[in-house]
1. Can you tell me the 0 to 90 degree angle between the C-alpha axis of helix 338-347 and the longest principal axis of the chain, rounded to 10?
2. Give the shape of the range 145-262 as rounded, prolate or oblate, defined through the alpha-carbon gyration tensor: a ≥ b ≥ c are the square roots of its eigenvalues, a/c under 1.5 means rounded, and otherwise the shape is prolate if a/b is larger than b/c and oblate if not.
3. Set the Förster distance to 35 Å, then compute FRET efficiency between residue 381 and residue 323 from the Cβ-Cβ distance, nearest 0.05.
4. Any chance you could list the semi-axes, whole Å, largest first, of the equivalent ellipsoid that the Cα gyration tensor gives for the range 168-236, using √(5λ)?
5. What net charge is computed for the residues neighbouring residue 171, neighbours being all others with C-beta under 13 Å from the C-beta of residue 171, Lys and Arg scored +1, Asp and Glu -1?
6. According to a simple spin-label model (label point 7 Å from Cα along Cα-to-Cβ), what is the distance in nm between residue 294 and residue 373?
7. On a full-extension model of 0.36 nm per residue, what is the gain between residue 95 and residue 407, subtracting their alpha-carbon distance, rounded to one decimal in nm?
8. Determine, for each peptide in 47-54, 115-122, 319-326, the mean count of other beta carbons within 10 angstrom over its residues, then list the peptides with the highest first.
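Every number in this text was worked out from the coordinates using simple rules, so none of it is lab data. Small disclaimer: the values here were computed from a predicted structure and weren't measured. Please note: Cβ atoms are built from the backbone with ideal geometry, for glycine as well, and neighbour counts cover all protein chains shown.
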Amino acid sequence: MTKNLISPAEKRKSFGKDRVTACRICQSQIIPFINFGNMPLANGFLTPAQFAEEYFYPLECSVCSSCWMVQLSHQPDPEWMFHSNYPFFTGTSQRMSNHFRALADTIMSHYLDQQKDPFILEIGSNDGTFLKHFSKKSIRTLGIEPSASVAERSRNLGIPTLQKFFDAEVAESILKEHGQPHVIYAANALCHIPDLAGTFEAIQKLMHPQGILIFEDPYLPSVLEKTAYDQIYDEHVYLFSLHSVSNLAKRYGFEVFDAQQLDTHGGSMRYFLSRQARKQLYDDLWSLTVSEKNFHLDEIATYMKFSGACETSRTTLKSLLLNLKQEGKSIAGYAATSKSTTVLNYCGIDKSLIDFIADSTPEKQGKLTPGSHIPIVSPDYFQSNYPDYALLFGWNHLEEISGKEQTFQKAGGRWIVYVPKVQVI
C-alpha cells in the first residue's frame, strides 16, 4: 500500500464523520437500504504481517430520493484502493480482451473514421488492453491510470499513460498538450469516482464539440434482479441505471443518445453520450427506458426487496457450506475477485469453511483474502489438490473458467454459485 494505515480501532472513530447523507449528484437526501457491516478493502489482499494495519469501513448502500442514483454512504481514500500494487489486470481474461477488441473495431469504423487526426482518451485505462487496438492503427491514444502496476504494463505496450486520477487539472493539461479527444471512453471506471460531478465538468471542457463519451459499468437493474450483491464494494461508489445516468448527463449539457446492455460482469450497460445538439437516438434507448419504468427504480420498496433477497442468499450459502463440511466434503474457492470480498465477509465465510482460493493473478498468489484471511494459491495448486466443491466467485466468467477446468469436473468436482441463486452445478 502507498501509505502507513492507522489502526482499525483509530479509523473507526472517524466513520461517522465520513458518512455521506446527501446525494453526490443532486444533493438531495439519500436513503440507506442495505448495510453489509464493516468491510475491508475489496482488493486489499495482504500478508500476515499486515493484519494489524488492515483497514475496515462500513459498507452501506443508499439511493437518492430525487434522482435515484444508487451510491455508497462511505468510501475509503481512493489512494488506498488504487495503489501502486493494484492487483487487477484486464488482459488476464480472454473474454474481456475479446470484448474490448470488438468495441475498438466499432469505434474506429463508426466514430473515428471521418475525423482528421483522431484522438481517443481512456479514463481508467488499466493495462492497455483496450487502447492497444488503436495504437496498432497509429491512432493517437492516451490512458489515464492511477495505479502504477497496471499503468506500467500499459506503457510497456507503447501506450502513452498518465499515472494520475482524472480531474479538472489533469483535463486542462491534456487539453494543452494533446488537444480535444474525439472519443472519451471508460470501462468500469466512472462508477469508481466519488466526485462524478467534477469529472463531468472536466469532460465537458475537454471533449471535442462533436465528440462522444462512452462508458460502461455494472447495471443496477441486473444487480437487483440477480441479487448480485457482490457488485457492491468500496470501488463501486455508484450503481448506474439509464434513468440516473440520463439525469446526470442533462446537468452537464449531455444527452444519452444510445445504450447497449452487455453481459460482462454479470450484467452491464454501455452508455453513449454527446452534447445535446446531437439528435440521433436509437430504438434500444426507448425500449430500455420502458423496461426501467417497469422495474420501479423510483420506489424505495424495490431496494428494500433487494435487501431481503440478499439476507436470504447469505443464509442459504452459509448453510450449504456448513452442511457440506459436516458431511466431510472439501471446499475451495475459485477466483479471488473484488466481489469475493463482499461475499466472504458479509456471509462470515473464512478458512474454516474454504481451504484456499485459486486465482491466476500472480500478484494475489501467496497472499490472504481481505478480512477472511483465506490463502490464495495458483490454478496449478488447485489442479493438484482438487476439492470436492469449488465456490466460484468469478460466476460471471463461468463458461471461460469451466472450460479451463474441465478435468476438475471430470474428476467429480462440482461448482457452487450464488448468483442468481445459490446452487450446485
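1. With rounding to tens, the tilt is 40 degrees.
2. Numbers: a/c = 1.99, a/b = 1.28, b/c = 1.55.
Taking the square roots of the gyration eigenvalues as a ≥ b ≥ c, the range 145-262 is oblate.
3. Details: r = 26 Å, r/R0 = 0.73.
After rounding to 0.05, the efficiency reads 0.85.
4. Numbers: eigenvalues 170, 33, 14 Å².
Square roots of five times the eigenvalues give 29, 13, 8 Å.
5. Neighbourhood net charge equals -3.
6. It is 5.0 nm.
7. Values: separation 312, 0.36 × 312 = 112.32 nm, distance 2.05 nm.
The residue 95-residue 407 span can extend by a further 110.3 nm.
8. Working: 47-54: 11.4, 115-122: 19.1, 319-326: 14.8.
Put in order of decreasing packing, that is 115-122, 319-326, 47-54.
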